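A.B. asks: Below is one structure. I have some questions about it.
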Amino acid sequence: MYKNRMNARDTFLSAGQVKADVPVSISESWSRSLSYKIDPNLRKTPEVLNQMDVHMLQESSLLYHAYQSIIPKIQSFIHTKYSIMLADHKARLLHVNADHQLMELLTSFNAVPGGVWSEELCGTTAFGTTLVAGQPVVIHDALHFCESWQNISCAGVPIFHPITKQVIGVLDLTSFAEDFPAHALVLTQTVAKSMEMEIFNQLQIHRLYLENTFLEKELAISNDLLVAIDLDGQIVRSNDPATTDQQEWCNRFDWLHYFQSCQEQSDLSLLSTIVSTERPLPFSPDPATGKLQLVYYKNRLIGALVQMRRQPSRSALPSKGTAKEMVGESPQWLGLLQKLDKVAGRDMAVLLIGESGTGKEVLSQYIHDHSLRRQKPFVAVNCAAFAHDLVASELFGYAPGTFTGGLKEGKVGLFEVADGGTLFLDEIAELPLPIQAMLLRVLQEKQVTRIGEYKARPLDIRIVAASNKDLKKMADAGQFRLDLYYRLNSIELKVPPLRERKEDIVPMAEHFLSAHRHGSFAYRLMPDTMDALRLYDWPGNVRELKNAIEHAVVFAEDDRIFPWHIPDMIQESTGTSEDSSRLLQPTPLDDERTQIVEALNDNRYNYTKAAKQLGISRGTLYNKMKKYEIT
């Protein structure tokens, strides 16, 4: 076979004739190689990039990072006699993986990272020919145009951009001709498909990161138009979708070339300390028009935010007023409420991070109540409350007859119940990884498929998720899907624990006490009780405070809440239990008349001052004076 291929090449070079058994892709490449005036005796590629350029290409290349993710997973399936090489869309080698003798041979050809293997430089090779043909190519030994690399055989497979479908690189399997495997093309195609899937996942993460950067920026601006653009010049997000003027300049400008220029100019050694860079708008000579902010993700340019001046046009969201449960006066709490008011009217996912008991469900209800969806359902789901094998059926529903013992008519899932409204997913970190994948698909496709059915149902919901764990750290550890994390945290808000907002403890306690008001009767916290509540650290946060007030109401003798009425653990922690018998003994009801008379005398019958001394309102004082017939 080798002699036949050698004869076919010699015949072509000497007489310009192509034998019938030569593949069309090879014969066409030979013809192009002649037109490029390639020397058939060329011993190595004449062009090799320097190490700095190679490093820049690798750092900025989706291909390279996808390759780095995939190769370790398949390393055990690749024979040591094979070399796996990766080239970009310009046939520049990004990585070469080979052993011993084969590596030495490839190095002698300049088949090393940075080597350029286009047809214009090297004639018929797996890299250049695959890029031109746009389809897989196998080049056996003598079918190479240049004689120097005829002792190897190669299989080249194009790698396609998963969205634009353009060829963005080539994956190549090379070996000595005698070691070339029959399944070389199948193996290379399998790896290439895995890389395309990995690239797609990377693009999704980049898009989500770009959206998150957009949303953070949007909260910091007022009336400007803000548009997020990806590397292909496609609009990812706009704060005014109804405005069409951005389409005009976006379509008119060559974003692809612009971003390539930006990447080439970037000093990648410094990017680890750069979050974003701002510059004038490239399509407007007037700096007053606006500005552009480049967005990087892990040292890779992924897009830009374009901010332009305009007149305000967004109508204000009708306000419902602050919910009664939103009690607090600390700077941390008021700052969080301001953010909630901004976020509520924007139909985006929200992730609430905070310790257990901090009131994340109340906050999610507040977001819903102040959103455009407030007339639609609000559905709260505790993801930790479901058994793992029941989560999917509860969330997505199931068709009739799907499960033994299930409802014979099937079941509507919670996603469908919340359609049009808000779905609150509490403790989302507890969702199993397979369910996370299903959830991500629902959020991306905006449709849900019941278990046991094939028909997808359209879905229109807003997701508010909550967790008491660091989801980013979990994602880095492989315990939570990174792409789902970025999908959920369009806006991520930290909910401060109660111990960090001491000013809110007493107002919140009084709010919980107000639920036990009966007519004119109302419980009141005594000063020492307030001090005890402020001293405690509240590891259970708002939930624990509410329980403590419920406990105090049960044991209170009258309308006064003393320190010994609150749970023993809080008394012991704050040191009030040992002082209570000595300093804070309750006054028997029989002596109450005497106390009131003394207070009135002390204050010369100034009812306001007497009531303050007694720790009661003026109205309560009048009632008690009437009760005890004090004139």
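Laboratory data are not the source of any read-out in this text; all were calculated from the coordinates shown. If you're wondering where the values come from, they're calculated on a predicted model, not measured in any experiment. Positions of Cβ are generated from backbone atoms using ideal geometry, with glycine treated the same way; all protein chains shown enter the neighbour counts.
A.B. asks: Just how many % of Cα pairs in region 52-182 lie over 23 Å apart, if you round to the nearest whole percent?
C.D. replies: On the way: 2190 of 8515 pairs.
More than 23 Å apart: 26 percent of the Cα pairs in region 52-182.
A.B. asks: On C-alpha positions alone, give me the angle between the axis of helix 51-60 and the longest principal axis of the chain, in degrees, nearest 10.
C.D. replies: For helix 51-60, the angle is close to 50 degrees.
A.B. asks: Could you tell me which trypsin sites (Lys or Arg not before Pro) in region 417-499 are loop residues by DSSP with no more than 13 other beta carbons within 10 angstrom of their beta carbon? Can you show the working numbers first?
C.D. replies: Values: sites: R441, K446, R450, K455, R462, K469, K472, K473, R481, R487, K494, R499; in loops: K446, R450, K455, K469, R481.
For trypsin sites (Lys or Arg not before Pro) across region 417-499 that sit outside H, G, I, E and B with at most 13 neighbouring Cβ atoms in 10 Å, the list reads K446, K455.
A.B. asks: Going by a ≥ b ≥ c, the root eigenvalues of the Cα gyration tensor, does region 333-389 fall in the rounded group (a/c under 1.5), the prolate group (a/b larger than b/c) or the oblate group? If you can, show how the numbers build up before the last one.
C.D. replies: On the way: a/c = 2.41, a/b = 1.37, b/c = 1.76.
Taking the square roots of the gyration eigenvalues as a ≥ b ≥ c, region 333-389 is oblate.
A.B. asks: May I ask for the angle, rounded to the nearest 10°, between helix 541-555 and the longest principal axis of the chain, with both axes built from Cα atoms and the value confined to 0 to 90°?
C.D. replies: 20
A.B. asks: Also, I was wondering about something else. Given 37 °C and 0.692 mPa s, how large is the Stokes-Einstein diffusion coefficient of region 390-444 in µm²/s, with Rh as the Kirkwood radius over Cα pairs?
C.D. replies: Values: Rh = 12.2 Å.
Diffusion coefficient, whole number: 270 µm²/s.
A.B. asks: Next up: Choose one of T124, M103, Y82: the residue whose Cα lies farthest towards the positive end of the charge dipole of the chain (beta-carbon charges +1 Lys, Arg; -1 Asp, Glu; about the Cα centre).
C.D. replies: T124
A.B. asks: Another one. Quote the FRET efficiency, to the nearest 0.05, computed for E598 versus D568 with a Förster distance R0 of 25 Å and r equal to the Cβ-Cβ distance. It would help to have the intermediate numbers written out before the result.
C.D. replies: Values: r = 32 Å, r/R0 = 1.29.
So the FRET efficiency works out to roughly 0.20.
A.B. asks: Further question: Mean 1/r over all different Cα pairs, inverted: what Kirkwood radius does region 429-586 give, in Å?
C.D. replies: Values: mean 1/r = 0.0517 Å⁻¹.
Hydrodynamic radius (Kirkwood, Cα only) of region 429-586 equals 19.4 Å.
A.B. asks: Would you calculate a helix-derived [θ] at 222 nm for the chain, using -39,500 (n - 2.57) for each DSSP H run of n ≥ 4 and dividing by the full residue count, to the nearest 500?
C.D. replies: -12500 deg cm²/dmol
A.B. asks: Based only on Cα atoms, what mean projected area does the convex hull of the chain have, in nm²?
C.D. replies: 42.5
A.B. asks: If r is the Cβ-Cβ distance from V186 to N547 and R0 is 60 Å, what FRET efficiency results, to the nearest 0.05?
C.D. replies: Values: r = 64 Å, r/R0 = 1.07.
Plugging the Cβ-Cβ distance into 1/(1 + (r/R0)^6) gives 0.40.
A.B. asks: A further question follows. What length, rounded to one decimal in nm, is gained on full extension from D559 through to D179, with 0.36 nm per residue of separation minus their alpha-carbon distance?
C.D. replies: Values: separation 380, 0.36 × 380 = 136.80 nm, distance 9.21 nm.
Taking 0.36 nm per residue and subtracting the Cα distance, the gain is 127.6 nm.
A.B. asks: Specify which residue in the list A465, N601, G397 is farthest towards the positive end of the charge dipole of the chain, using unit charges on the beta carbon of Lys, Arg (+1) and Asp, Glu (-1), about the Cα centre.
C.D. replies: Value computed over the given set: G397.
A.B. asks: Can you classify region 15-78 as rounded, prolate or oblate using the Cα gyration tensor, where a ≥ b ≥ c are the square roots of its eigenvalues, rounded means a/c under 1.5, and otherwise it's prolate if a/b beats b/c and oblate if not?
C.D. replies: oblate
A.B. asks: Please state the charge dipole magnitude for region 415-476, taken about the Cα centre, from unit charges on C-beta atoms (+1 on K and R, -1 on D and E), reported in debye and rounded to the nearest 20.
C.D. replies: On the way: 9 positive and 10 negative charges, 37 e Å.
Taking the Cα centre of region 415-476 as origin, the dipole is about 180 debye.
A.B. asks: Quick one: work out the % antiparallel among DSSP beta bridges in region 390-542, nearest 5. Could the numbers behind the result be given before it?
C.D. replies: Working: 6 of 11 bridges.
Among the beta bridges of region 390-542, antiparallel pairing accounts for roughly 55 percent.
A.B. asks: Can you work out D for region 90-244 in µm² s⁻¹ from Stokes-Einstein, where Rh is the Kirkwood radius over C-alpha pairs, the temperature is 37 °C and the viscosity is 0.692 mPa s?
C.D. replies: Working: Rh = 18.0 Å.
Roughly 182 µm²/s, to the nearest whole number.
A.B. asks: Between T608 and K472, what's the calculated FRET efficiency when r is the beta-carbon distance and R0 is 56 Å? Round to 0.05.
C.D. replies: On the way: r = 55 Å, r/R0 = 0.98.
For R0 = 56 Å, the calculated efficiency reads 0.50.
A.B. asks: Please report, to one decimal in angstroms, the Kirkwood hydrodynamic radius of region 322-430 built from all distinct Cα-Cα pairs. Don't skip to the answer; put the middle values down first.
C.D. replies: Values: mean 1/r = 0.0639 Å⁻¹.
After inverting the pairwise mean of 1/r, the radius is 15.6 Å.
A.B. asks: While we're on this one: Can you flag which of K90/K472; K291/K342; K37/K298; K376/K455; K3/K44 are past 32 Å Cα-Cα? Don't skip to the answer; put the middle values down first.
C.D. replies: On the way: K90/K472 36 Å; K291/K342 24 Å; K37/K298 42 Å; K376/K455 24 Å; K3/K44 23 Å.
Pairs exceeding 32 Å: K90/K472; K37/K298.
A.B. asks: Shifting gears a bit: At 0.36 nm per residue, minus the direct Cα-Cα distance, what do S520 and H388 gain on full extension? Give it in nm, one decimal, please. Intermediate values should be presented prior to the final figure.
C.D. replies: On the way: separation 132, 0.36 × 132 = 47.52 nm, distance 4.99 nm.
In short, 42.5 nm is gained.
A.B. asks: A further question follows. Along each of the three principal axes of the Cα atoms of region 414-521, give the extent in whole Å, ordering the values from largest to smallest.
C.D. replies: Taking max minus min along each principal axis of the Cα atoms, region 414-521 gives 61, 36, 21 Å.
A.B. asks: Next up: Within straight cross-link reach of K360, meaning Cα distance under 17 Å, which aspartates and glutamates are found once same-chain residues fewer than 8 apart are removed?
C.D. replies: E325, D341, D369, D426, E427, E430, D470, E492, E500, D504, E544
A.B. asks: Now, a different point. Among S61, L173, T574, pick out the residue whose Cα is farthest towards the positive end of the charge dipole of the chain, where Lys and Arg carry +1 and Asp and Glu carry -1 on C-beta, about the Cα centre.
C.D. replies: S61
A.B. asks: Quote the charge dipole size of region 465-539 about the Cα centre in Debye, to the nearest 20; the model charges only the Cβ of Lys and Arg (+1) and of Asp and Glu (-1).
C.D. replies: Details: 12 positive and 11 negative charges, 45 e Å.
Here region 465-539 has a charge dipole of around 220 debye.
A.B. asks: Can you grab the distance from the C-alpha centre of region 1-52 to the C-alpha centre of region 412-482, Å, no decimals?
C.D. replies: The two parts, judged by their Cα centres, are 55 Å apart.
A.B. asks: Given Cβ point charges of +1 (Lys, Arg) and -1 (Asp, Glu) and nothing else, what value in debye, to the nearest 20, does the dipole of the chain about its Cα centre take?
C.D. replies: About 1280 debye.
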